[in-house]
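Below is one structure, written out as structure tokens; comments come after it.
The values are calculated or read from the model by the stated rules, or taken from the named source; none is laboratory data. From a predicted model like this one, the values you see are computed outputs, not experimental measurements. Methodologically, a virtual Cβ is constructed for each residue, glycine included, from the backbone with ideal geometry; neighbour enumeration extends over all protein chains shown.
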Ligand code: ATP
Ligand code: MG
């Protein structure tokens, strides 16, 4: 991970749109990567037109996460913008005619079936040749566990630790039952609601799906 919690002045939808869409698509050199055809989206129905974009919540190698508001009902959301690279894998999943970027596909699959509050919900998404966007639920008020532990002086008590670990393990277990292997369960990828202590597993960008490869997944991702 790169820097975290870098506060930026709120951007207008137009600024986010210009900043990200002005980047020309990067040509793919990997023939195994399947880039899905773009959905028929004109700028007017582009996903950012449905959300107001605010402060930056986090930033990784390829993804930037912004706080946002759904314009329809003012719901607080997190908007994750990911730039595609030649390594961006796309996979087919049931009920979707086109291959989806793996992070979108795995987040959909992890949420399939009854609601598991310990797994972050995907509210909306869009896919383009050079980038994709996930709109995720945004617990409020929340921190990732690195921030939470730092705020507590680098130590948390045993009972709190037990509650967090139970929820993190439950989320990972439910994902496994849905054949989704997160492979990157770590403090930065767990959010905690600081009022209710509810924990949510986020960031399926490193995961894999049982059935994607001929052998069962046994690898761990280090980024
Ligand atoms: P990548 O490694 O795929 O480039 P990343 O690791 O930077 O991405 P995430 O882990 O999804 O991306 O998000 C980075 C940070 O943004 C998280 O640690 C968290 O602080 C914040 N964040 C992400 N999703 C949410 C969310 N749904 N609600 C609130 N904060 C979030
Ligand atoms: Mg992450």
Do the conditions hold for residue 139, that is, is it assigned to a loop (DSSP other than H, G, I, E, B), over 17 Å from residue 64 (Cα atoms) and within 14 Å of the chain's Cα centre (by Cα)?
yes
Looking at (1) in contact with a helix residue (DSSP H, G or I) (Cβ under 9 Å, 6 or more places away or on another chain); (2) more than 13 Å from ligand 1 (Cβ to nearest atom); (3) not in a loop (DSSP other than H, G, I, E, B), which is the one condition that is false for residue 156?
(3)
Being in contact with a helix residue (DSSP H, G or I) (Cβ under 8 Å, 6 or more places away or on another chain), within 14 Å of ligand 2 (Cβ to nearest atom) and modelled with pLDDT of 95 or more is the requirement here; does residue 189 meet it?
no
The residue that is nearest to residue 50 (Cα to Cα), considering only those in the range 64-74 that are over 16 Å from the mean Cα position of the chain (by Cα) and free of Cβ contacts under 8 Å to residues at least 40 places away in the same chain, is 71
Residue 185 versus (1) part of a helix (DSSP H, G or I); (2) touching a strand residue (DSSP E or B) at 6+ places or on another chain (Cβ under 8 Å): which is the lone unmet condition?
(1)
Taking the range 70-101 and keeping only residues that are crowded, with 17+ Cβ neighbours inside 10 Å and either at positive phi or part of a strand (DSSP E or B) (or both), one is left with 77, 78, 79, 80, 81, 82, 90, 91, 100, 101
Only one of these is out of contact with any strand residue (DSSP E or B) (no Cβ under 7 Å at 6 or more places or on another chain), over 29 Å from residue 85 (Cα atoms) and surrounded by 18 or more Cβ atoms within 10 Å (Cβ to Cβ): 192, 149, 156. Name it.
149
Could you figure out which of (1) over 17 Å from residue 205 (Cβ atoms); (2) without any contact (Cβ under 8 Å) to a residue 40 or more places away in the chain; (3) within 13 Å of the chain's Cα centre (by Cα) isn't true of residue 104?
(1)
